[in-house]
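Worksheet: one structure, shown below.
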């Protein structure tokens, strides 16, 4: 990752993340990237993780329902068949903090992960793949969150 | 960064349009529910309930393994689809939760009245919900078949029917206001018709269920409690006759329905 | 507490007599036992007190899987019609935007609501009705109200030709039992769930030609 | 102490599909309680997965991962009988590790 030098100049939290991004020793205390999770926008969150400007790519997929019956639990899948993925990110554009999760994938797992996120309102959800060669690719999908139940 | 934002706006417009012309809301919701089926967090409560059943607890430091849920001491499989039913030892029709309280009192030495007074989601009510979840799961796939042989069971059904249709409160609602007709919904949620056999696992046969909206496991007592809240009624007392009679009414009506509890619900 | 119970039982008995001879004595025993079970099974919580279980004529008569007799139904509707209060100064209309907000809100009158004041209540309309086209999350317990005014030929709220529809709609919101004795709809005006101004906003939502209900 | 996770690991071809449910509030820190007081944030921040003791994936989570989190991924080169261990650590320092055998 040629963004390493840039990242070293950032906060201690981000520096800690570098350790996590590398080959993590079994019981290392991986640091949590506060800057990335505090970022309000998708772009800022990616930047806080040391990523370049994301480019939309057909090689990255994001799956999820068109409509979520409840924003408290929205199933999301992110994947790419490209080789050399270092990280997969899941973001919700209109959440107060866009970044939901960062997965550091090794060669021993598929770059294909399913999880569930909260959505405060209808929004784009975005999967970002940060590649070993420094490329940052993304895919997005709009998910409508409906009002459910009696509303009381 | 600018290119990213501009590009996204363009794509958003296009996908928004495509989706508006695509699937209907109902299809979208069905797709959402399907995605959640695999990985129902009710599993977590089920595991906890099983452990609690087998753990020595309470003043008597005993397990619940000798609890009689209606099919004899310790028989769990199949018990859920025959509750509420009449119990000779308490001389009462009891639902799953009130029967569990009886067992916790008799076998473990807990104070049953204290548990009944405890708010949902606190103290021993947490244990009760987990136990109910596991016991329900042990009958998954079995069909509802509540006994109606005892006079008290027949009476419970008849009273439950009247409770179901009882209108009151500032909104004039009864259970039947929402659950008395086929094919209705509130907002986007389908409302099971509970006055006749509701079919497989739509209404009565789906609870306890994991509620996605608040991330909590809801037992039938809590389900009924919130129904009465939404009816704008006063607060139903835990394990009260009206709540158990409603269980009898819905359970008898659900005869033959396959239990899918613990389910996952909005 | 005793008086309302007795009243309710008396009403139930009247209903049974009027309804004919289909009910056996044991069924009446069960009715009494069910009443007693209801009273014993609930407690006060917050603003939701047990007196909410006390039934008026319409609530008691519509608490069965069978409808009340025609005579009882007529009496319920007549009493409801007599109860309607018309808006002061003929002020039937407000702001459809406020009406949409009220229609969206499902709040009010539960034991988790801190206040029973009209200002704390929503209309709960979308729970049961389709209204504007934009809101896809709507219930189907009540009929669709999409294009409500347009379908009834309302193009000018002040026109004399609109008068009948305007009055009917007010009456229906104020007390739906005026039209259908066992209507599922809450009696927003009669019970004091919404004040006249809030009801006027709902009137605009349904009838104003500029409201998205009619313009889209 | 946190309740145990539910981990299912099943072979599908030459990969093991791992499904995990974790018991956790995942409180966002943006909600208020009945008294109007903000409920402090409480959520899982770090997750790691290991196959027979070797880490195969790590993750960082924010509070917008749903309550009682679900996670599904595929482990390459696993075989029946292998051990999958999942660990999490939350922002209060609570942690939990559970293990499942690949079926």
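At an R0 of 41 angstrom, the distance between the Cβ atoms of residue C:180 and residue C:156 translates into a FRET efficiency of 0.90.
Enter the angle in degrees (range 0 to 90, nearest 10) between the Cα long axis of helix C:196-207 and the first principal axis of the Cα atoms of chain C, meaning the one along which they spread out most. So the inclination is approximately 60 degrees. Between region B:40-67 and region B:154-198, the C-alpha centres lie 33 angstrom from each other. For the pair residue C:195 and residue C:81 in one chain, pulling the backbone fully straight at 0.36 nm per residue adds 39.2 nm over the alpha carbon distance. Cβ-to-Cβ counts within 10 Å put C:174, C:146 in ascending order as C:146, C:174, the fewest first. Here the relative contact order of chain C, from alpha carbon pairs under 8 Å that lie six or more residues apart, stands at 23 percent. Taking label positions 7 Å along the Cα-Cβ direction at both residue D:83 and residue B:150, the computed distance is 5.0 nm, reported to one decimal.
The ranking of A:147, B:224 from fewest to most other beta carbons within 10 Å of each one's beta carbon is A:147, B:224.
222 nm [θ] for the protein assembly as shown, helices only, -39500 (n - 2.57) per DSSP H run of 4+, per residue, to 500?
The per-residue figure over the protein assembly as shown is -10000 deg cm²/dmol.
Every Cα-Cα pair of chain D was included, and the share exceeding 18 Å stands at 48 percent. Within 10 Å of the Cβ of each residue in C:102-111, the mean number of Cβ atoms contributed by other protein chains is 5.
Put simply, the Cα atoms of region B:39-147 extend 39, 36, 24 Å along their principal axes, the longest span coming first. Averaged over the residues of B:174-183, the number of partner chain Cβ atoms lying within 10 Å of the residue Cβ comes to 3.
Averaged over the residues of C:130-142, the number of partner chain Cβ atoms lying within 10 Å of the residue Cβ comes to 5. Compactness of the protein assembly as shown was expressed as the Cα radius of gyration divided by 2.2 N^0.38 Å, which yields 1.06. Listing D:61, D:42, A:32 from fewest to most neighbouring C-beta atoms within 10 Å gives D:42, A:32, D:61. Here each label is just a point 7 Å from Cα along the line to Cβ, and for residue C:119 and residue B:90 those points are 4.6 nm apart. For the peptides D:92-103, B:30-41, residues were scored by their other Cβ atoms within 10 Å and the scores averaged per peptide; the highest-first order is B:30-41, D:92-103.
Shape analysis of region B:42-265 yields a ratio of the Cα radius of gyration to the Kirkwood radius, Rg/Rh, of 0.94.
Between residue C:133 and residue B:181, the modelled labels are 2.5 nm apart [label points 7 Å from Cα along Cα→Cβ]. Between the Cα long axis of helix B:123-137 and the first principal axis of chain B there is an angle of about 80°, rounded to the nearest 10.
Between residue C:29 and residue C:168, the contour length at 0.36 nm per residue exceeds the alpha carbon distance by 45.9 nm.
With respect to chain C, whose longest principal axis is taken over its alpha-carbon atoms, helix C:163-174 is tilted by about 40°.
May I ask you to derive the relative contact order of region C:88-215, considering only C-alpha pairs under 8 Å and at least 6 residues apart, and to give it as an integer percent?
35 percent.
Each of the peptides D:12-21, C:78-87, C:49-58 was scored by the mean count of other Cβ atoms within 10 Å over its residues; in descending order, highest first, they stand as C:49-58, D:12-21, C:78-87.
Whole-Å semi-axes of region C:43-196's equivalent ellipsoid, largest first, each the root of 5 times a Cα gyration tensor eigenvalue?
They are 26, 21, 16 Å, listed from largest to smallest.
Residues of region C:181-216 with backbone nitrogen within less than 20 Å of a virtual label 7 Å along the Cα-to-Cβ line of residue C:97, please, listed as ranges. Of the residues in region C:181-216, C:197-216 have backbone N under 20 Å from the label point off residue C:97. Normalising the average separation of contacting C-alpha pairs (under 8 angstrom, six or more residues apart) by the number of residues puts the relative contact order of chain B at 23 percent.
Read-outs: derived from the displayed coordinates by stated rules, not from any lab. Since the structure is predicted, the reported quantities are computational estimates derived from the model, not experimental observations. Backbone-built Cβ (ideal geometry, glycine too); neighbour counts: all protein chains shown.
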